[in-house]
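The values are calculated or read from the model by the stated rules, or taken from the named source; none is laboratory data. These numbers come from a predicted model, not from an experiment. Virtual Cβ from ideal backbone geometry, glycine too; neighbours counted across all protein chains shown. Accessible surface is based on the protein model in full, side chains and every heavy atom, while ligands, DNA and RNA are left aside. Shrake-Rupley method; radii C 1.70, N 1.55, O 1.52, S 1.80 Å.
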4 protein chains.
Amino acid sequence: MIEAGIIGGAGYTAGELIRILLRHPEVNLNFVYSTSQPGKPVAQVHQDLLGETDLKFSGEINKEAAVVFLCLGHGNSKKFLAENQFSKDTKIVDLSTDFRMAADDHSFVYGLPEFNKEKISTADYIANPGCFATAISLAILPLAKKKLLKDEWHVNAVTGATGAGTSLSGTTHFTWRDNNFSAYKSFGHQHLNEIGQSLKMLQEDYSSAVNFIPNRGNFSRGIHATAYTSFSGSLEDVQKIYNEAYEDAAFTFVVEEDLHLKQVVNTNKCLLKLEKFGDKLLVTSIIDNLLKGASGQAVQNMNLMFGLDEKLGLDLKASYF
Amino acid sequence: MIEAGIIGGAGYTAGELIRILLRHPEVNLNFVYSTSQPGKPVAQVHQDLLGETDLKFSGEINKEAAVVFLCLGHGNSKKFLAENQFSKDTKIVDLSTDFRMAADDHSFVYGLPEFNKEKISTADYIANPGCFATAISLAILPLAKKKLLKDEWHVNAVTGATGAGTSLSGTTHFTWRDNNFSAYKSFGHQHLNEIGQSLKMLQEDYSSAVNFIPNRGNFSRGIHATAYTSFSGSLEDVQKIYNEAYEDAAFTFVVEEDLHLKQVVNTNKCLLKLEKFGDKLLVTSIIDNLLKGASGQAVQNMNLMFGLDEKLGLDLKASYF
Amino acid sequence: MIEAGIIGGAGYTAGELIRILLRHPEVNLNFVYSTSQPGKPVAQVHQDLLGETDLKFSGEINKEAAVVFLCLGHGNSKKFLAENQFSKDTKIVDLSTDFRMAADDHSFVYGLPEFNKEKISTADYIANPGCFATAISLAILPLAKKKLLKDEWHVNAVTGATGAGTSLSGTTHFTWRDNNFSAYKSFGHQHLNEIGQSLKMLQEDYSSAVNFIPNRGNFSRGIHATAYTSFSGSLEDVQKIYNEAYEDAAFTFVVEEDLHLKQVVNTNKCLLKLEKFGDKLLVTSIIDNLLKGASGQAVQNMNLMFGLDEKLGLDLKASYF
Amino acid sequence: MIEAGIIGGAGYTAGELIRILLRHPEVNLNFVYSTSQPGKPVAQVHQDLLGETDLKFSGEINKEAAVVFLCLGHGNSKKFLAENQFSKDTKIVDLSTDFRMAADDHSFVYGLPEFNKEKISTADYIANPGCFATAISLAILPLAKKKLLKDEWHVNAVTGATGAGTSLSGTTHFTWRDNNFSAYKSFGHQHLNEIGQSLKMLQEDYSSAVNFIPNRGNFSRGIHATAYTSFSGSLEDVQKIYNEAYEDAAFTFVVEEDLHLKQVVNTNKCLLKLEKFGDKLLVTSIIDNLLKGASGQAVQNMNLMFGLDEKLGLDLKASYF
């Protein structure tokens, strides 16, 4: 059994990790570290676990754990690792933005299995992709892989309220968000950096913009993204390219059915649909922001790092309704 | 024109008052007093007013206003009036619980027009009823008025998230409340006091319990209540009693159609439906918690105090969908 | 009083018209024609009206009415008018798509008051704009009016479920739509025709595409649209152009606050926000699809046709929450 | 492997069964019978399964299947079994109401494992309980088991829209149900029969009423029920009785935390909370109507019938948000 630990236990992504890891056949959830509430039963914070586990938050870190997931606020992972040293055999999956951009001062591998499986398999440290970055990258990277991108991408995506984290704020107040809709961080969302990095890696000469308008939807889970660019090839050409790109993907599927968000909610899947309208290629992409967009993908990366079946512990029943 | 002021301008009930009073043909909204944001445009807080008004929050109170509405937290109205003295001609409508229970040290009249219209018409100070209290009282008082109550009432009601006020809390976080449901304060809600006082006033010998389970619904506005008790008379008897009780009511109607909450959302109405099942009388009652349950009823009381048509400024278009 | 009639009384837009016209100070709602349920009380179909009106659906049409609103399915207005002839003094507002495109065989004027007020004022027949068309046109036409458009527009908009009409369908089933999101009719929505016609009218040489992806949101009312194009001028330039364009607009306002849909729900307003990001101009536009996007605008057009204050009967209290 | 079949494949309960059985380690989903769409991929109807299975609806029934689940409309199971005969070794779990009331003309065992585990284990035919019946029975039967019931129960429960089935209707239209609430079938819900039967079986002399008001909530999944009766014992007494009753229960837990519906959504659990207020005992009970209230419990019954671990295939990750 793989002894796993979680650093930072109260947030949404930690909760999802706990739910998954408690059921993972090859993992023992060794500890969930929390500075604020050590000793408190995990099921009192993540209350769907009532009756399922007696696990308590721990004030101690097991530095010999086989794998550790960092569920800390953006900026805090770097700080945490500077202050805490794990065994050299401990693998780390960081869910923050801290190590997603390649840099000389760290050796984290960007954990998007569909385009980086080999490196992930031998990595010790994984920077888990952002939720919007996952949905959008899976929509646009196959063409970059073939060096076929030319013009700008126009991307519009909507995320559920869990995307904003557990802390209370005006835009996550129920009376505000209920039956509401709004755009935010237009043309400036932080995930554009990692998307740009992946594009560059696959098609170095591509220098057009990815125009991205994120939106706040009045639902809790999920990301629905549409992305279009001009593309001269036929729909069949594109389908071939995408099907090839995702031939071995464990959770990403190109389908012909119309997409709607709830097809993937509470699963680790990404569904993609391709359409052509005149010279425009439209790609629709849907994921669960907390699973494929965070904790599910983190476990997928863990599976790859430990040589396990990529899908282990991740064959989740969708809630669908 | 009646010069009106509002004390405490940022909350839900203040917002609704502002919306109503700005459109009221006989009222000039003289000031909205706010200690926290004087000088700030009201439309920046209540943003549906963008483009409609240049009104700013005021740091000053006009103590000569013809009417003042207190939209302060429970407990703060009493304190505020101890520290601030209005002109002897200033009428006051308090939306808090502070003066709802009759007492020797104040002369506030309980502002439930359906049962207290005469006293309201000549009152200077009105204690505006609570939202649950309004929905439930209108459901159960007609029988008390006829001294026909005997056994316990069994009441279950659900309120929208605006019932909990604007401050952020765990149970008003979107991700918690969305698609959720929960009971709270069972058998102990504070509105039982005012309901009990009204019952006693109408039928002094009634001493059975009003069993009340309030619930949090995953919607923003409205209260849906069902109340039943044993009653030996026929449905026709009951209909006669209720129709008589509400013969002159401006906003309360006994209907035969099935009720659902959205029939009254964004209106000042209360709809009631009567049914008999064996010896049980079931009364269903629906209101908008912020209008008939708060600010709408406050303006209704103001209309009565000033000898205006009770419905003036309150013939609101329902949103319905 | 203006004697008004409605043809087709059961749908959403008819319901909103009834709600507005019953409260309009210069209108008497003369009849609501329904072939399917003549004699039935209107309040049994539009149940927020319980207690408010005794009006019944009529099986007869008053052909001498001063104004008639056609709330028929697309394609049926043309058919209806071929079969029914009104008095030559009867003004007609058609809410369907049937007469929105100018053509030799009809004399309907396109009823977008912000750009067509003069013609509307003297028109007898109005083609009321589509909901998406209204939201998008108000976002993009000011630049066309100045002949300043050059490149493509990229538009993404989301509509509430009332946009799909009252008939039951898979995508309006609650269990499907709740907490869901989906795109539809990408690049091919029928409202692109009327938008294109308006663009051409204002800037004849503009021939770039309006790329439009409509989406189904999990809320009932409202449209939120974002539209961007490349524009070399400064933000100040744009603000000047838009403020000028809407200087006399009764319901359309350019604001600096962040927009969110509920600012306009249950009102006849359109709010616009302008932003520049590099060479991109982003315009966000929000309306209530049933009011400014349908019945509210229809009454606004009626007011103009009859020489009334454009806002009469349309100063509606937002529901906001 | 147990060869399993499903009769009637398009509804909510069939969908949930398919989701569960496809992941069940001891089951092979042999066929899903559908008269209306034989040959159609199951994932085109239950679209969360896209990318997961190539299973197609079948026009043929395998009458040698080890277990068959009937997901037919109420009344149709009896008819179906009259027209179709299975092998004598085929076990049957019926999800309709048809066989829930014991009768001389059938040998179906009522499948509420918490109170009937032994009989279920040796049964060939199971009548799977109704959703409301499950939530309410688990709340009230422990006292009946101890013959301690005396007075009436007062029960109020709210169900999600999936409780109404997949067919479109006025009350499942999104624009109606969104942000709405309504009671229905007050004092007359059909599940009172099976609840009464269970009460009688456990405490023959109990003859007081179970007063039950069901409600339609504006969410998709789940049942939240509150039930109270007078009870003279202490809270500790009650806790002891309930803890004893559910000592061996696989999915039913008595907890001290406040309950809210999403604690159990997308799980097979029932959570119960006990409170005393004066002489009233209040029991709150929550389940997922499609899992513990239908398909999950059906598989739980199957597990028991086949001598498997009761929880096999049912350790589902909650969606929670």
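Which net charge results for the neighbourhood of C:Asn180, defined as the other residues with beta-carbon distances under 14 angstrom from its beta-carbon, given Lys and Arg at +1 and Asp and Glu at -1?
0
Run the numbers on region D:131-287 and let me know its relative contact order in percent, using alpha-carbon pairs under 8 Å that are six or more apart.
For region D:131-287, the relative contact order is 31 percent.
Mind checking C:41-50 for the average number of partner chain beta-carbons within 10 Å of each residue's beta-carbon?
What the average comes to for C:41-50 is 5.
How would you order C:214-224, C:75-85, D:2-12 from highest to lowest mean count of nearby Cβ atoms within 10 Å?
C:214-224, D:2-12, C:75-85
Could you list which residues have their amide H under 5 Å from that of B:Tyr110, counting only those 5 or more apart in sequence or on another chain, with H placed in the peptide plane?
Close amide H contacts, sequence-distant or interchain: B:Ala127.
Which percent of the Cα-Cα distances in chain D go past 37 Å?
14
Roughly how crowded by other chains is peptide A:30-36, in terms of the mean Cβ count from those chains within 10 Å of each of its Cβ atoms?
0
In whole Hz, with x marking every Gly and Pro, tabulate ³J(HN,Hα) for region C:285-297 from phi via Karplus 6.51 cos²θ - 1.76 cosθ + 1.60, θ = phi - 60°.
Ordered by residue, 3J(HN,Hα) equals 9, 10, 9, 8, 4, 8, 9, 4, x, 6, 6, x, 5 Hz.
Would you mind giving the total buried accessible surface between chains D and C, with a 1.4 Å probe and ligands, DNA and RNA left out, rounded to the nearest 100 Å²?
Chains D and C together bury roughly 1400 Å² of accessible area.
What percent do you get for the relative contact order of region C:233-321 when only Cα pairs under 8 Å and 6+ apart count?
Rounded, it is 27 percent for region C:233-321.
Near the amide H of D:Phe86, under 5 Å away, which other amide H atoms are found, from residues 5 or more places off or on another chain, if H is placed in the peptide plane?
Residues meeting the criterion, in which the H sits 1.01 Å from N, do not exist here.
Where is the GNM fluctuation largest for chain A (alpha-carbon springs, 10 angstrom cutoff): A:Ile136, A:Ile287, A:Ile213?
Looking only at A:Ile136, A:Ile287, A:Ile213, the biggest GNM fluctuation is shown by A:Ile213.
May I ask you to rank D:Tyr206, D:Tyr125 by accessible area, largest first, using a 1.4 Å probe over the protein chains only?
D:Tyr125, D:Tyr206
Can you tell me the relative contact order of chain A? Whole percent, Cα pairs under 8 Å, sequence separation 6 or more.
For chain A, the relative contact order is 18 percent.
What FRET efficiency do you get for B:Gln44 and D:Lys88 if R0 is 60 Å and r is their Cβ-Cβ distance, rounded to the nearest 0.05?
0.20
In peptide B:51-60, what is the residue-averaged number of other protein chain Cβ atoms found within 10 Å of each Cβ?
Mean inter-chain Cβ contacts per residue within 10 Å come to 2.
I'd like the orientation of helix D:191-202 relative to chain D: the angle between its Cα long axis and the longest Cα principal axis, in ° from 0 to 90, rounded to 10.
Its long axis makes an angle of about 60 degrees.
What percentage of the solvent-accessible surface of region B:148-229, computed with a 1.4 Å probe over protein heavy atoms, is contributed by carbon and sulfur atoms?
49
Using a loss threshold of 40 Å², tell me which positions in region B:147-163 are less accessible in the complex than in their chain alone. Probe radius 1.4 Å, ligands and nucleic acids ignored.
SASA drop of 40 Å² or more in region B:147-163: B:His154, B:Asn156.
Provide the per residue accessible area, probe 1.4 Å, for chain B, rounded to a whole number of square angstrom.
Accessible surface, normalised per residue, equals 34 Å².
As a test of the formula, what do you get for chain B when each DSSP H run with n ≥ 4 contributes -39,500 (n - 2.57) and the sum is divided by the residue count, at 222 nm and rounded to the nearest 500 deg cm²/dmol?
-8000 deg cm²/dmol
Mind listing the phi-derived Karplus ³J(HN,Hα) values for region D:221-232, rounded to whole Hz, using 6.51, -1.76 and 1.60 with θ = phi - 60°, and x for any glycine or proline?
For region D:221-232, the Karplus-derived couplings read 10, x, 10, 10, 10, 10, 9, 9, 8, 7, 8, 7 Hz, x marking Gly and Pro.
Once you list every other residue whose beta carbon is under 15 Å from the beta carbon of B:Glu244, what net charge do they have if Lys and Arg are +1 and Asp and Glu are -1?
In short, 0.
Quick one: of A:Lys56/A:Lys88; A:Lys88/A:Lys273; A:Lys88/D:Lys262; A:Lys78/A:Lys317; A:Lys269/D:Lys79; B:Lys79/B:Lys150, which pairs are farther than 31 Å apart, Cα to Cα?
A:Lys88/A:Lys273; A:Lys88/D:Lys262; A:Lys78/A:Lys317; A:Lys269/D:Lys79; B:Lys79/B:Lys150
Using amide H atoms built in the peptide plane, which far-off residues or other-chain residues are under 5 Å from C:Ile6 H to H?
Sorted by chain and number, the residues that satisfy this are C:Phe31, C:Val32, C:Tyr33, C:Phe69.
Quick one: with all protein chains in place, what share of the accessible area of region C:244-311 is carbon or sulfur, to the nearest percent (1.4 Å probe)?
42
For C:Glu60, what is the net charge nearby, where nearby means another residue's Cβ is under 15 Å from its Cβ and Lys, Arg count +1, Asp, Glu -1?
Here the charged neighbours net out to 0.
Shape verdict for region D:1-117, please, from the Cα gyration tensor: rounded (a/c under 1.5), prolate (a/b greater than b/c) or oblate.
Judged from the Cα gyration tensor, region D:1-117 comes out prolate (a/c at least 1.5, a/b above b/c).
I'd like the Karplus ³J(HN,Hα) series for region B:113-119: coefficients 6.51, -1.76, 1.60, θ = phi - 60°, whole numbers in Hz, and an x wherever there's a Gly or Pro.
x, 4, 10, 9, 4, 5, 4
Just by accessible area at a 1.4 angstrom probe, what is the order of D:Ser34, B:Ser107, A:Ser121 from largest to smallest?
These residues rank, largest area first, as B:Ser107, A:Ser121, D:Ser34.
What is the Cα centroid distance between region B:199-222 and region B:79-143, reported in whole angstrom?
For region B:199-222 versus region B:79-143, the Cα centre distance is 18 Å.
GNM on chain B, C-alpha springs below 10 Å: top fluctuator among B:Ala294, B:Ala183, B:Ala127?
B:Ala183
Using alpha-carbon positions, what is the distance between the centroids of region A:161-182 and region D:18-44, in Å?
38
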